[in-house]
Amino acid sequence: MSPPAATFTLPTSVAGNVVNVKKDLGVKAVIKGQAKTLDELDGKWDEFTFNPIRESQVSRAMTRRYFSDLDYYAESDIVIVGAGSCGLSTAYVLAKKRPDLKIAIVEAGVAPGGGAWLGGQLFSAMVMRKPADLFLDDLGVPYEDEGDYVVVKHAALFTSTLLSKVLSFPNIKLFNATTVEDLITRPDPTVSSPASIRIAGVVTNWTLVSMHHDDQSCMDPNTINASLVISTTGHDGPFGAFSVKRLVSMQQLEKLGGMRGLDMKTAEDAIVKGTREIVRGLVVGGMELSEVDGANRMGPTFGAMVLSGVKAAEVALEVIDE
Ligand code: 48N
């Protein structure tokens, strides 16, 4: 399922020079004499030239697609907040299981991936304790088997593979450089206490705008309505643990549990087992959860992130149709 294709016509000035124009979104213009394979370009650099383009075509190619996506995902089935290892793992499992669902991922950073581009202390290798190797097998990421755990030779190999698979799904759109700066709420009719809410989407803004609300007024946000929000915003960073902190300020959570000291064995089991729907319409996973339950941190091992993502996807499919 993809947003409706943007339609536009090629300016006649270019069409005249084009040997073969295919009237589709990815209009391919073949100019006489160009190579047909990469190897054929060898030694032809003197007569080489790019196909013609007007700057307005580049601008329209970007803006029409972006705003068509923004319009299409304004009503999403699921919004995932945070494209770190947990959020991306959740997206991967959901998109595979339910190609019918419209899934928007909102990531504050320009670069998605969160803390999973490096192993620990800026080292490259990434450790995952079994059975998280099952996720790597499903993803097709090679690793060295060390018995009770496996080692991916570079964390970026894992994250780039996961990211490329997630971005290839037609029912997923990543809005990066975009921050969730609030939650859309509704009274929760299924709970007696009047103050109870259910989450019905997210409030977003360009991240650079979100970071300057103190020095510019009235930079109002945008919104995405969704049946379910999955928050995986991590335990630190400028926006870390966003949703659970917002639930405390909305008196939906009494207080933050506060992440405990490092204890790999305790932490990883707790994060995976604790992944759940915190309030109706909001599932929390990954290290953001440690701020709710006061779970220990696990440091430089990532098995709990991917399996928390697997569990968050399972919980989401259980509750989304409620
Ligand atoms: O990688 P993170 O920070 O979070 P997780 O939970 O996916 O993975 C955590 C993991 O990297 C660890 O911290 C490891 C295991 N270490 C543990 C330890 O003990 O130290 O990704 C969260 C993403 C980031 O990319 C943020 O930019 C993004 O969420 N984010 C947001 N995006 C949109 N709107 C927001 N409000 C927001 N807040 C954070």
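The values are calculated or read from the model by the stated rules, or taken from the named source; none is laboratory data. Quantities reported herein were computed from a predicted structural model and do not represent experimental measurements. Every residue, glycine as well, gets a Cβ built from its backbone with ideal geometry; the counts of neighbours run over all protein chains shown. Protein only, heavy atoms only, side chains kept; ligands, DNA and RNA dropped before computing areas. Shrake-Rupley method; radii C 1.70, N 1.55, O 1.52, S 1.80 Å.
When +1 charges are put on Lys and Arg Cβ atoms and -1 charges on Asp and Glu Cβ atoms, the dipole computed for the stretch 24-141 relative to its Cα centre reaches about 180 debye. Between Ser193 and Asp215, the FRET efficiency from the beta-carbon distance, with R0 = 41 Å, is close to 0.60. Carbon-plus-sulfur accessible fraction, the chain (probe radius 1.4 Å, protein heavy atoms only): 56%. Per-residue packing, averaged as other Cβ atoms within 10 Å, sorts the ranges 61-74, 126-139, 84-97 into the order 84-97, 126-139, 61-74, beginning with the highest.
Its Cα gyration tensor gives the stretch 100-197 an equivalent ellipsoid, and the semi-axes of that ellipsoid, as √(5λ) in whole Å with the largest first, are 34, 18, 15. Comparing Lys245, Lys44, Lys165 in a Gaussian network model of the chain where C-alpha atoms under 10 Å apart are linked, the largest mean-square fluctuation is found at Lys44. Computed about its Cα centre, the charge dipole of the stretch 165-322 is approximately 240 debye, with only Lys, Arg, Asp and Glu carrying charge at their Cβ.
Here the calculated FRET efficiency for Arg260 and Leu139, from their Cβ-Cβ distance with R0 = 30 Å, stands at 0.50, rounded to the nearest 0.05. Solvent-accessible surface of the chain, taken per residue with a 1.4 Å probe and all protein chains present: 52 Å². Once the Cα atoms are used to define both axes, helix 55-72 deviates from the longest principal axis of the chain by about 30 degrees. What is the sum of charges around Met298, taking Lys and Arg as +1, Asp and Glu as -1, for the other residues whose C-beta is under 15 Å from the C-beta of Met298? Spelling it out: positives minus negatives among the neighbours equals -2. Here the chain carries DSSP beta bridges of which approximately 50% are antiparallel, counting only pairs with both residues inside.
Secondary structure note: in the stretch 173-310, about 75% of the DSSP beta bridges are antiparallel. Largest accessible area first, the residues Glu288, Glu107, Glu40 order themselves as Glu40, Glu107, Glu288 under a 1.4 Å probe with ligands, DNA and RNA left out.
The helix-based estimate of mean residue ellipticity at 222 nm for the chain, built from -39,500 (n - 2.57) per DSSP H run of four or more residues and divided by its residue count, is -9500 deg cm²/dmol to the nearest 500.
Taking only C-alpha pairs under 8 Å that are 6+ residues apart, what is the relative contact order of the chain in percent? Relative contact order comes out at 19 percent. The residues neighbouring Leu167, those whose beta-carbon lies less than 12 Å from its own, together hold a net charge of +1 under the Lys/Arg +1, Asp/Glu -1 convention. Positive contributions from Lys and Arg (+1) and negative ones from Asp and Glu (-1), summed over other residues with Cβ under 14 Å from the Cβ of Val244, come out at -3. Please figure out what share of the DSSP beta bridges in the stretch 47-165 is antiparallel and state it in percent, rounded to the nearest 5. DSSP beta bridges in the stretch 47-165 are roughly 60 percent antiparallel.
With springs connecting C-alpha atoms under 10 Å apart, model the chain as a Gaussian network and identify which of Glu277, Glu47, Glu181 has the largest mean-square fluctuation. Answer for the Gaussian network model of the chain: Glu47. The alpha carbon radius of gyration of the chain, expressed as a multiple of 2.2 N^0.38 Å, is 1.14. In this rough spin-label picture, where each label sits 7 Å from Cα along the Cβ direction, the Arg65-Glu322 distance is 3.8 nm. Given in Å, the Rg to one decimal and the Dmax to the nearest whole number for the Cα atoms of the stretch 262-321 are 11.2, 37.
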